[in-house]
1. Does G32 qualify as being free of Cβ contacts under 8 Å to residues at least 12 places away in the same chain and either assigned to a loop (DSSP other than H, G, I, E, B) or closer than 20 Å to L142 by Cα (or both)?
2. For the stretch 314-333, give me each residue that is within 16 Å of ligand 2 (Cβ to nearest atom) and either out of contact with any strand residue (DSSP E or B) (no Cβ under 6 Å at 6 or more places or on another chain) or under 17 Å from F361 (Cβ atoms) (or both).
3. Mind checking which pairs have a first residue in the stretch 299-310 that is farther than 17 Å from N38 by Cα and a second that is of a type outside the set (F, W, Y) and assigned to a loop (DSSP other than H, G, I, E, B), Cβ under 8 Å, 6 or more apart or different chains?
4. Pick from G288, G334, G326: which is within 28 Å of T118 (Cβ to Cβ) and either of a type in the set (S, T, Y) or in contact with an Asp or Glu (Cβ under 9 Å, 6 or more places away or on another chain) (or both)?
5. From the list A16, A12, which residue is assigned to a loop (DSSP other than H, G, I, E, B), among the small types (G, A, S) and either over 30 Å from L285 (Cα atoms) or touching a Lys or Arg at 6+ places or on another chain (Cβ under 9 Å) (or both)?
6. Which condition does A254 not pass, out of (1) modelled with pLDDT of 95 or more; (2) more than 25 Å from A153 (Cβ to Cβ); (3) under 21 Å from the mean Cα position of the chain (by Cα), if it passes all the others?
7. Assuming A264 fulfils every condition listed in (1) touching a residue at least 12 places away in the same chain (Cβ under 8 Å); (2) under 30 Å from S23 (Cβ atoms) apart from one, which condition is it?
8. Could you tell me how many of the residues in the stretch 363-377 are in contact with a Ser or Thr (Cβ under 7 Å, 6 or more places away or on another chain) and either among the aliphatic types (A, V, I, L, M) or farther than 16 Å from G338 by Cβ (or both)?
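The values are calculated or read from the model by the stated rules, or taken from the named source; none is laboratory data. Computed from a predicted model, the values in this text were never measured in an experiment. Heads up, the Cβs are rebuilt from the backbone with ideal geometry, glycines too, and the neighbour counts pull from every protein chain shown.
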Amino acid sequence: MGAQQVREGFAALYGAEPEGVWSAPGRVNLIGEHTDYNDGFVMPFALPHTAVAAVSRRDDGVLRLHSADVEGGVVELRLDDLAPESDRNWTAYPAGVVWALCQAGHPVTGADVHLASTVPSGAGLSSSAALEVVIALALNDLFELGLQRWQLARLCQRAENVYVGAPTGIMDQTASACCEEGHALFLDTRDLSQKQIPFDLAAEGMRLLVVDTQVKHAHSEGEYGKRRAGCERGAALLGVDALRDVPYAELGDALARLGDDEEAVRLVRHVVTEDERVEKVVSLLKAGDTRAIGPVLVAGHASLRDDFRISCPELDLAVDTALAAGALGARMTGGGFGGSAIVLAEAADVETITKAVEEAFATAEFTAPRIFEAVPAAGARRLS
Ligand code: ADP
Ligand code: MG
């Protein structure tokens with residue numbers, strides 16, 4: 001949705017022009033899954049799909065929220081009433097950001113917001129982070145808070161963890177806030193240090209497809225939190241602050257120490273090997289050996305499926321079918337339990353692979369997937 005349309009939507013709702021319009025993208029994660037709450041490495045890039053918000057300041061402690069994508073009218077909240085886990089609706093995401101800013105002592109006094117998003121919701125492409133980051137960036141600009149991108153990402157994560165009640169890591173918000181066009185973001189989630197890695201598949205005759213299985217995940221519920229708690233338990237058993245601190249070279253020893261604690265063994269093995277895979281992909285991309293990342297993606301999928309156990313039949317079918325149809329690599333992306341897979345392919349093979357995946361889903365009587373090409377797009381920014 002364009003800036004102009006959202007601007008007009010705002011004017012129609014609130015009877016005045018907005019002070020500005022901002023956008024923030026969804027993301028796909030190339031590699032590094034469930035490492036971000038283990039202080040590890042991730043490598044997302046921004047999608048061209050964005051949340052766009054028109055925003056004006058208020059000075060009376062009132063927050064008015066409206067989404068073009070949700071039934072129902074304007075939701076009006078008082079900043080004084082904002083409280084963690086008090087809201088089970090979509091409004092918890094933007095309200096949570098306002099809450100986190102106020103809690104941190106930033107002088108936010110209210111706002112009118114109208115937004116629309118092209119990031120598919122619940123598809124593992126971070127529509128929630130796009131929503132948070134677009135609000136955070138708008139308020140940072142309007143109230144002249146002077147916060148840096150990584151600080152906005154931290155506040156958005158706090159909004160999602162504490163206010164919404166979803167125990168997610170820092171990757172999604174940082175990706176939305178910090179990614180750059182034509183690049184993947186190599187992020188160390190321990191200190192948020194980052195490197196922009198050029199990632200231009202088209203120039204090398206390749207494409208990256210996203211296969212949205214249309215199976216909706218629900219992060220706040222259950223399994224994601226269990227994996228996170230299991231990783232923390234694994235770290236405690238090994239006597240480290242976070243699984244990031246288990247060197248890949250010492251994985252064998254670490255697993256031996258966990259003995260017959262099968263669950264801890266599986267979770268630790270995934271996280272430690274996944275961090276290694278991120279570093280491997282970074283070095284392959286730096287060396288210009290892009291096609292060689294394919295097998296690393298495939299190994300990542302196997303680890304998420306067999307050790308971390310967060311795949312599902314639809315994701316496995318998408319990955320297996322794409323590989324059988326000639327893909328260079330494929331894996332599930334995002335939190336798991338549904339959502340999307342990514343497929344790395346030669347440009348010439350895209351049509352064959354797309355058709356094969358669609359046919360396999362039809363044969364399995366799964367809901368038809370949505371398949372689209374992803375090109376690394378810009379991070380959050382002011383549009384007007
Ligand atoms: P993901 O981030 O993978 O898309 P989440 O469950 O984390 O999935 O976030 C999805 C939630 O974000 C939706 O249930 C809704 O509350 C909110 N959301 C996403 N897009 C919009 C939108 N355009 N308008 C209002 N709320 C939205
Ligand atoms: Mg999300």
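1. no
2. M332
3. Filtered contacts from the stretch 299-310: H301/S311; R305/S311.
4. Sole residue among the options that is within 28 Å of T118 (Cβ to Cβ) and either of a type in the set (S, T, Y) or in contact with an Asp or Glu (Cβ under 9 Å, 6 or more places away or on another chain) (or both): G334.
5. A16
6. Evaluating A254 over (1) modelled with pLDDT of 95 or more; (2) more than 25 Å from A153 (Cβ to Cβ); (3) under 21 Å from the mean Cα position of the chain (by Cα) leaves (3) as the failure.
7. Just one mismatch for A264, condition (2).
8. 1
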